[in-house]
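The values are calculated or read from the model by the stated rules, or taken from the named source; none is laboratory data. Remember, predicted model here, so these are calculated numbers, not experimental data. As a convention, Cβ positions derive from the backbone with ideal geometry for all residues, glycine included, and neighbour counts pool all protein chains shown. Keep in mind that these areas ignore ligands, DNA and RNA; they rest on the heavy atoms of the full protein, side chains included. Shrake-Rupley method; radii C 1.70, N 1.55, O 1.52, S 1.80 Å.
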Amino acid sequence: GAMTTENELIWSELLQQKCPLLVEGARLISDPQVRYKGTLGGDISHGDPGNDHPALMLALGAAFVLAGPSGERIVPAGEFFLGTYYTALEPTEILTEVRIPTPAPGAGHCYSKLKRKTGDFATAAAAVLLRMDGAAVGSVSIALTNLAPTAFRAQAAEAFLAGKELDDRTIAQAAELVMAACDPVADLRGDIQYKTAMAGVMTERALRAAHARAAR
């Protein structure tokens, strides 16, 4: 449900077992006061590229149930975030439900977030969901926070990693492809060059952590 709070996500035993990436991301949102009141649906509907759930939803392949006078429609996360504070929600619609496919058993995950202090928005963050096929990458999702007008999937990096072994060389090359796809805005959290560089660092960290957690 869209009114599920961040705290409820964090303490859900079902999510801890089946979708730990969502739990890890929720733990990094703001502070306890916000997590007890702030909701999953509110974070998503706001359309802020600095919010954490948009990238998590993209990495997880989520879809959103939108309800209005004409009934319900389902919009994939990849078609929902259209611009800064701009989503596919119509003025007469509300988000009622978030649908997340259960990640494959043994999938590795990580949400790596750089922020100036506890409770702050991300300077840069990367969400990774990784499935290994032996020593090679079976599938990978890489989604970025606060590095463009919307959260986005780093599709060139994902395509590059598919079928390859994850080592220092391939991880560094994937990070370069991520940085090339970034289009951040300078603000009090960093200039364009710094944010872009940190996108690469967060991607490398997330890939390494997800790889360590993934079943071979």
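Structure notes:
- Percent RCO, i.e. relative contact order, over the range 5-108, from Cα pairs under 8 Å lying at least 6 residues apart: 25
- About the Cα centre, charge dipole magnitude for the range 117-216 (Lys/Arg +1, Asp/Glu -1 at Cβ), debye: 300
- Phi to ³J(HN,Hα) by Karplus 6.51 cos²θ - 1.76 cosθ + 1.60 over the range 110-122, Hz, x for Gly, Pro: 5, 10, 9, 10, 9, 9, 6, 7, 4, x, 7, 5, 6
- C-alpha long axis of helix 168-181 to longest principal axis of the chain, angle in °: 40
- Highest-first packing order for the peptide set 57-66, 23-32 is 57-66, 23-32, based on the mean count of other beta carbon atoms within 10 Å.
- Rounded to the nearest 20 debye, the dipole magnitude of the chain is 520 debye, with +1 charges on Lys and Arg beta carbons, -1 on Asp and Glu beta carbons, and the Cα centre as origin.
- Summed over qualifying helices (DSSP H, 4 residues or more, each -39500 (n - 2.57)) and divided by its residue number, the chain shows a 222 nm mean residue ellipticity of -11000 deg cm²/dmol.
- Long-range HN-HN contacts of residue 165 with modeled amide H, under 5 Å: 137
- Peptides ranked, highest mean first, by Cβ atoms within 10 Å: ranges 92-102, 36-46: 36-46, 92-102
- For the chain, the Kirkwood estimate of hydrodynamic radius, built from reciprocal distances between every pair of different alpha carbons, is 17.2 Å.
- Sequence-distant lysines (8 or more away, or on other chains) whose Cα lies within less than 28 Å of residue 195: 113, 115, 117, 164
- Taking the longest Cα principal axis of the chain as reference, the axis of helix 192-213 is set at about 80 degrees.
- Under the criterion of Cα pairs below 8 Å and six or more residues apart, the relative contact order for the chain equals 20 percent.
- Portion, in percent, of the accessible area of the chain that falls on carbon or sulfur, probe 1.4 Å: 54
- Environment charge of residue 3, counting only residues whose C-beta is closer than 12 Å and scoring Lys/Arg +1, Asp/Glu -1: -3
- Cβ-defined net charge surrounding residue 215, 14 Å radius [Lys, Arg +1; Asp, Glu -1]: +2
- By average C-beta atoms within 10 angstrom, highest first, the peptides 204-214, 133-143, 8-18: 204-214, 133-143, 8-18
- Residues whose placed amide H lies under 5 Å from that of residue 4, excluding near-sequence neighbours: 40, 41
- At an R0 of 41 angstrom, the distance between the Cβ atoms of residue 13 and residue 82 translates into a FRET efficiency of 0.70.
- Per residue, the convex hull spanned by the alpha carbons of the range 130-216 comes to 77 Å³.
- Shown in residue order for the range 44-53 are the 3J(HN,Hα) couplings computed by the Karplus curve 6.51 cos²θ - 1.76 cosθ + 1.60 at θ = phi - 60°: 6, 5, 4, x, 7, x, x, 5, 8, 5 Hz (x for Gly and Pro).
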